[in-house]
Amino acid sequence: MSASTAPASSSGLYADPREDWLAQHTEEIIDPGRPIVDPHHHLWDRGGLRYMIEEMAADIATGHNIVATVYVDCRSMYRASGPEAFRPVGEVEFANGVAAMSASGGYGKAQINAGIVSHADLRLGDAVRSVLEAEIVAGNGRFRGIRHSSAWYPEPAVAGMYATRPKGLLLDPAFRKGFACLRPLDLSFDAWLFHPQIGELADLARAFPDTRIVLDHCGGPVGLGRFAGKREETFKAWKASIQDIAKCPDVHVKLGGLAMCLLGYDFHLRPKPPSSEEAAAAWRPYIETCIEAFGPDRAMFESNFSPDKGQCSYQVIFNAFKRIAAPYSEAEKAALFSKTAADFYRLRL
């Protein structure tokens, strides 16, 4: 029986996690004492797949020093009844309940769901304010902002289920009227899109220069469908877009989401999972480009679990990040692994 309101991997953009496959490769933890704030993960129990506090706590317990996490919208536990616009409030109630479970200390020392990002339909315009206010109340001091996915591309081979989503959402006048409600409530916006849409987000950021925005998953570089086999050409276009949007001072970037199938790597199809050396080699050009463009004070490493768990373990993903970050100074590493995320989401650690 499904315990949520959306299938687990209907997006078509990531592989389902396989614990037996992941168990074939374990690693010693690099720099195990380094504090990490994981600013992007999901929790769900649906479509036969479960990733709840127990599974998250087990991943955290594999060695990295995770001090806090941020829960991000994934349509978990929406209310089953009541006004449609207010159903996402149920996700905030759920995430806050998990945070209370974590605060008991029974699931390890990490503050799981120390920050909460849910969803509100910004196309409601001014009317979305009442939804946001209800989410603030439901979050009990942990609600930090919303994500309204704008990911879209016309070809299902590229976008999966997002091929049916609205085109040009970030440019829609009604959406922008709703977006204008975020800053007065001190709320941030998580942007999930594909790299051809980064220019639309830059236009939005320039129209609302005081609203805090974070670009999820390195801006969604695509390596599927018509982009398959064109990595060099695509990288060049993606890099130009990253450099442009980084000129918007209130836009940050999350460094991760690269272990989804979206990027075009086939780690999930190999007999054994990748090592952190292999993952770092694949991801380094994207992550280094983002850090160079945004700077460590506007960049944060993310797990994007459990979607990224389809290609690597929690040990491997943060070991890979630590390998990539090795050349940076101690202050820069502190920003990339914890301070930027804690500051952006105003976490009380």
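The values are calculated or read from the model by the stated rules, or taken from the named source; none is laboratory data. Everything numeric in this text was worked out from a predicted model, so none of it was measured. Using ideal geometry, Cβ is built from the backbone for each residue, glycine included, and neighbour counts are taken over all protein chains shown. Side chains are part of the model used for accessible areas, which takes the heavy atoms of the whole protein and leaves out ligands, DNA and RNA. Shrake-Rupley method; radii C 1.70, N 1.55, O 1.52, S 1.80 Å.
Sum -39500 (n - 2.57) across every DSSP H segment of at least 4 residues in the chain, then divide by the residue count to get the 222 nm mean residue ellipticity, nearest 500. Could you put the intermediate results ahead of the total?
Values: 12 runs with 115 residues, N = 349.
Dividing the helical sum by the residues of the chain leaves -9500 deg cm²/dmol.
Would you mind getting me the FRET efficiency between GLN243 and GLU27? Use the beta-carbon distance for r and R0 = 35 Å, nearest 0.05.
Numbers: r = 33 Å, r/R0 = 0.95.
FRET efficiency, GLN243 to GLU27: 0.60.
With q set to 0.22, 0.23, 0.29 Å⁻¹, the log10 of I(q)/I(0) for segment 181-230, from the Debye formula over equal scatterers at the Cα positions, is -0.80, -0.84, -1.11.
Each label point was placed 7 Å from the Cα along the Cα-to-Cβ direction; for PHE235 and GLU155 their separation is 2.0 nm.
The modelled label-to-label distance for the pair VAL137/ARG284, using points 7 Å beyond Cα in the direction of Cβ, is 5.3 nm. Between ALA207 and LEU171, residue separation times 0.36 nm minus the direct Cα-Cα distance comes to 11.9 nm.
Given R0 = 22 Å, the distance between the Cβ atoms of SER81 and ALA127 translates into a calculated FRET efficiency of 0.70.
Fully extending the segment from ALA334 to LEU269 would add 20.0 nm, taking 0.36 nm per residue of separation and subtracting the current Cα-Cα distance.
Please compute the volume of the convex hull spanned by the alpha-carbon atoms of segment 261-331 and report it per residue in Å³.
Working: hull volume 6.6 nm³, N = 71.
Expressed per residue, the convex hull around the Cα atoms of segment 261-331 is 93 Å³.
Rg ratio for segment 124-224: its Cα radius of gyration over 2.2 N^0.38 Å, N being its residue count, equals 1.11.
Separation of segment 194-211 from segment 55-71 is 31 Å, based on Cα centroids.
With every protein chain present, what is the per residue accessible area of the chain (1.4 Å probe, Å²)?
Numbers: 13320 Å² over 349 residues.
Value returned for the chain: 38 Å² of accessible area per residue.
Taking the Cα of ASP186, stepping 7 Å toward and past its beta carbon, and measuring to each backbone N in segment 106-136: which are under 19 Å? 114-118, 129-136, by backbone N distance to the label point. Remark: C-alpha extents of segment 1-138 on the principal axes read 51, 29, 24 Å, sorted largest to smallest.
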